[in-house]
Amino acid sequence: MGLRRDLTGIIPDDLLILLPDGYEIIGTIAIISIPPELTLFNEQIVTALRARRPSIQTILNKTGDVNGLFRTSQYTPIFGENTITEHREYGFRYRLDVSKVYFSSKMGSERKRIADLIKSGETVFIPFAGVGPYAIPVAARGAEVLAIEINKSACSWMTINALENGVSSRLHIIRGDAMQANQTLRRKFSRIIIPTPYGLLNGPDIFLSMLSEGGTVHWISFSNSMQMKEIIDRLTERGYQVLRCHQCGNVAPSVYRWILDIKAK
Ligand SMILES: C[S@@+](CC[C@H](N)C(=O)[O-])C[C@H]1O[C@@H](n2cnc3c(N)ncnc32)[C@H](O)[C@@H]1O
């Protein structure tokens, strides 16, 4: 994104190399991870970022990894302080508080790809639904969606987002533990979208019993290449067809984010 280039000559070269070149934009908020060695230069970093993105109202320094049950991060504001924003993605609007819920703008194109596969009248189950970035575009395509999310704040934002995007009559939100869904919900779905929290599921298995005959699962997960091969082999042996296996993003050394499209018999 060129932030380092903008700060050349302002921050000494031996420190500048430590600054990530990229940052994430969620609505009017920019999120950047500034290493401790560079905090003396926060003001210069803010000036450079605002010059690139004049619409930015808040800049947050991400001081910890995504963690905990709700998959939230620790931030220190270095410009502005409002952590509530509205993010626009392919015609949809998502309101959220980045300090209280998980949201990543990086998955927008995959969310669009999945939504484009939906046919009106499908029944779709979405565990780990967050503020609704998978659920809302899918409901907008005419599907009946059941979304489960454990974070009260994320459920509240998802309810607001469903209303604001005109899909609340087709999006049913349950606040609860998605890991219990295969025990408590006694129904099947034509499609299941599983945006797995990091490290929680080592296979989509617990949700497969909720899939109708001929249904499709989109499983978003994190693992190394060897683990992914084992998962695909296991699914294939059980008669599932892996239609697509796409690697999108490196989250730790040798650990990738994957999206599998899986079709039931
Ligand atoms: C990786 S985030 C994905 C959120 C959303 N689908 C998105 O892509 O923006 C995982 C979400 O699952 C929620 N979560 C974690 N454990 C859960 C559980 N056992 N049941 C339901 N939701 C859970 C977290 O609060 C978080 O919102």
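Taking into account only those residues within the range 84-95 that are within 11 Å of the ligand (Cβ to nearest atom) and touching a strand residue (DSSP E or B) at 6+ places or on another chain (Cβ under 7 Å), which is least open to solvent (accessible area, probe 1.4 Å)? Before you say what the answer is, go through the steps one by one.
Just the residues of the range 84-95 that are within 11 Å of the ligand (Cβ to nearest atom), to begin with: 87, 89, 94.
Applying the additional criterion that residues be touching a strand residue (DSSP E or B) at 6+ places or on another chain (Cβ under 7 Å) yields 87, 94.
Working: H87: 20, Y94: 1 Å².
Result: Y94.
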Going through the range 2-35 one residue at a time, which ones are under 22 Å from Y94 (Cβ atoms) and open to solvent by 10 Å² or more (accessible area, probe 1.4 Å)?
G22, Y23, E24, I25, G27, T28, I31
I'm trying to understand the selection: among the residues of the range 1-44, which are assigned to a helix (DSSP H, G or I) and in contact with a helix residue (DSSP H, G or I) (Cβ under 7 Å, 6 or more places away or on another chain)?
L3, R4, D6, L15, L16, E37, L38
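In the range 82-101, is there at least one residue being over 29 Å from A178 (Cα atoms) and either among the charged types (D, E, K, R) or in contact (Cβ under 8 Å) with a residue 12 or more places away in the chain (or both)? Write out each step before concluding.
Filtering the range 82-101 down to residues over 29 Å from A178 (Cα atoms) leaves 82.
Adding the requirement that they be either among the charged types (D, E, K, R) or in contact (Cβ under 8 Å) with a residue 12 or more places away in the chain (or both) leaves 82.
Yes, because at least one residue in the range 82-101 is over 29 Å from A178 (Cα atoms) and either among the charged types (D, E, K, R) or in contact (Cβ under 8 Å) with a residue 12 or more places away in the chain (or both).
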Collect the residues in the range 142-156 that are out of contact with any strand residue (DSSP E or B) (no Cβ under 6 Å at 6 or more places or on another chain) and more than 14 Å from the ligand (Cβ to nearest atom), keeping them in residue-number order.
G142
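Would you call I136 closer than 15 Å to P195 by Cβ, modelled with pLDDT of 95 or more and part of a strand (DSSP E or B)?
Numbers: closer than 15 Å to P195 by Cβ: yes; modelled with pLDDT of 95 or more: yes; part of a strand (DSSP E or B): no.
Considered against the rule, which asks whether it is closer than 15 Å to P195 by Cβ, modelled with pLDDT of 95 or more and part of a strand (DSSP E or B), I136 comes out as no.
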Given the structure, is R50 in contact with a Pro (Cβ under 6 Å, 6 or more places away or on another chain) and open to solvent by 30 Å² or more (accessible area, probe 1.4 Å)?
no
What number goes with the only condition from (1) more than 9 Å from the ligand (Cβ to nearest atom); (2) within 30 Å of R187 (Cα to Cα) that Y134 does not pass?
(1)
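Scanning the range 102-119 for residues that are in contact (Cβ under 8 Å) with a residue 40 or more places away in the chain and hydroxyl-bearing (S, T, Y), which turns out farthest from the ligand (Cβ to nearest atom)?
As a first pass, look at the range 102-119 and keep what is in contact (Cβ under 8 Å) with a residue 40 or more places away in the chain: 102-107, 110, 114, 117-118.
Next, from what is left, pick out any that are hydroxyl-bearing (S, T, Y): 102, 104-105.
On the way: Y102: 4, S104: 6, S105: 9 Å.
Looking at the filtered set, the residue picked out is S105.
On the given criteria, is A139 under 24 Å from G214 (Cβ atoms) and either crowded, with 23+ Cβ neighbours inside 10 Å or within 12 Å of the ligand (Cβ to nearest atom) (or both)? Quick ask: steps written out before the conclusion?
Numbers: under 24 Å from G214 (Cβ atoms): yes; either crowded, with 23+ Cβ neighbours inside 10 Å or within 12 Å of the ligand (Cβ to nearest atom) (or both): yes.
When the stated conditions are applied, A139 passes them.
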Candidates I78, I84, I118 - the one that is of a type in the set (V, I, T) and closer than 22 Å to I220 by Cα:
I118
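The values are calculated or read from the model by the stated rules, or taken from the named source; none is laboratory data. Just so it is clear, the structure is predicted and the values come from calculations on it, not from any experiment. For neighbour counting, all protein chains shown are included, and Cβ atoms are generated from backbone atoms with ideal geometry for every residue, glycine included. These area figures cover heavy atoms from the full protein model, side chains too; ligands, DNA and RNA do not enter into them. Shrake-Rupley method; radii C 1.70, N 1.55, O 1.52, S 1.80 Å.
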